[in-house]
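Colleague: Here it is: the structure, laid out below.
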Amino acid sequence: MLTVGLTGGIGAGKSEVSRLLASYGAVVVDSDKIAREVVEPGTPGLAAVVAEFGPEVLTAEGALDRARLGAVVFADPERLAALNAIVHPLVRARSAELSAAAAPDAVVVHDVPLLAENGLAALYDLVVVIDAGTRTRLERLVRLRGMTPDEANARMAAQATREQRLAVADFVIDNDGPLEALAPQVEKVWARLRERAAHGTD
């Protein structure tokens, strides 16, 4: 089994790369998806978040109000650290379960938004970074996710710098251009990953 950490700043296009890798045969472990699952209603994770941040981060139906929580944590590094201390151990535990269930010859891609921020590169055999410039990411966040420029800049500022992400990369996929330029790059990286999986990681 080859374990791969996949990361990129918000708006870099990591979700599309994950989708392409899954279509080629990768086992994708999506940390964002798991992070939502571990704070669903009735989970210990949600109870811990409410204990830390108060019931005002819940919707009327008792689910996590992500927009309200996001407004709190992305404006305050200490509050963000408190949230991460709750959610990240739960995500890591669930990710380990999913990885252990994969076939022995699988390429298991861990989609980890905060890989560089949390010093997680050493957990994986290889790290793939999706890279895009600040201006490109800002435009995508405003156009595709409906953020204001201030909201988008706050989200980007809360993450690692571009240089910090590139420093941990074994492979870099440039997603600063049009979507049609992405798939050929991902396919080449996938071929290299399959080759490494077949011959070991040394």
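Colleague: Name every residue in the stretch 144-202 that is of a type in the set (Gly, Ala, Ser), open to solvent by less than 50 Å² (accessible area, probe 1.4 Å) and in a helix (DSSP H, G or I), in order of residue number.
Modeller: If the condition is that a residue be of a type in the set (Gly, Ala, Ser), open to solvent by less than 50 Å² (accessible area, probe 1.4 Å) and in a helix (DSSP H, G or I), then Ala152, Ala154, Ala181, Ala183, Ala197 are the ones that fit.
Colleague: When you scan the stretch 106-123, do you find a residue that is open to solvent by less than 30 Å² (accessible area, probe 1.4 Å), within 30 Å of Thr43 (Cα to Cα), acidic (Asp, Glu) and not in a loop (DSSP other than H, G, I, E, B), even just one?
Modeller: Within the stretch 106-123, one or more residues are open to solvent by less than 30 Å² (accessible area, probe 1.4 Å), within 30 Å of Thr43 (Cα to Cα), acidic (Asp, Glu) and not in a loop (DSSP other than H, G, I, E, B).
Colleague: Within the stretch 68-81, restricting attention to residues that are under 30 Å from Val27 (Cα atoms) and small (Gly, Ala, Ser), which residue is surrounded by the most Cβ atoms within 10 Å (Cβ to Cβ)?
Modeller: Looking only at the stretch 68-81, we keep the residues that are under 30 Å from Val27 (Cα atoms), and these are 70, 80-81.
Still in the list and also small (Gly, Ala, Ser): 70, 81.
Values: Gly70: 17, Ala81: 10.
Ranking the candidates gives Gly70 first.
Colleague: Additional query: Would you mind stating whether Asp32 is among the charged types (D, E, K, R) and more than 18 Å from the chain's Cα centre (by Cα)?
Modeller: On the way: among the charged types (D, E, K, R): yes; more than 18 Å from the chain's Cα centre (by Cα): no.
No.
Colleague: Restricting the first residue to the stretch 89-105 and requiring it to be open to solvent by less than 80 Å² (accessible area, probe 1.4 Å) and in a helix (DSSP H, G or I), which pairs with a second residue that is at pLDDT 90 or above and of a type in the set (Gly, Ala, Ser) meet a Cβ separation below 6 Å and a spacing of at least six or different chains?
Modeller: Pairs found: Leu90/Gly45; Val91/Ala35.
Colleague: Among the numbered criteria (1) open to solvent by 40 Å² or more (accessible area, probe 1.4 Å); (2) assigned to a helix (DSSP H, G or I); (3) at pLDDT below 95, which one does Asn84 miss?
Modeller: Tallying (1) open to solvent by 40 Å² or more (accessible area, probe 1.4 Å); (2) assigned to a helix (DSSP H, G or I); (3) at pLDDT below 95, Asn84 fails exactly one: (1).
Colleague: Where in the stretch 9-53 are the helices (runs of 4 or more DSSP H), entirely inside, with at least 1 residues that are modelled with pLDDT of 95 or more, of a type in the set (Gly, Ala, Ser) and open to solvent by 10 Å² or more (accessible area, probe 1.4 Å)? Can you show your working first?
Modeller: Numbers: elements: 14-24, 31-37, 44-53.
Where helices (runs of 4 or more DSSP H) fall fully within the stretch 9-53 and carry at least 1 residues being modelled with pLDDT of 95 or more, of a type in the set (Gly, Ala, Ser) and open to solvent by 10 Å² or more (accessible area, probe 1.4 Å), they are 14-24, 44-53.
Colleague: Residue check, Thr134 against (1) of a type in the set (Val, Ile, Thr); (2) open to solvent by less than 70 Å² (accessible area, probe 1.4 Å); (3) without any contact (Cβ under 8 Å) to a residue 60 or more places away in the chain, all met but one. Which one?
Modeller: Answer for Thr134: the failing condition is (2).
The values are calculated or read from the model by the stated rules, or taken from the named source; none is laboratory data. Worth saying up front: this structure is predicted, and the values here are computed from it rather than measured. Cβ atoms come from the backbone with ideal geometry, glycine included; neighbour counts cover every protein chain shown. Side chains included, ligands, DNA and RNA excluded: accessible areas come from the protein's heavy atoms. Shrake-Rupley method; radii C 1.70, N 1.55, O 1.52, S 1.80 Å.
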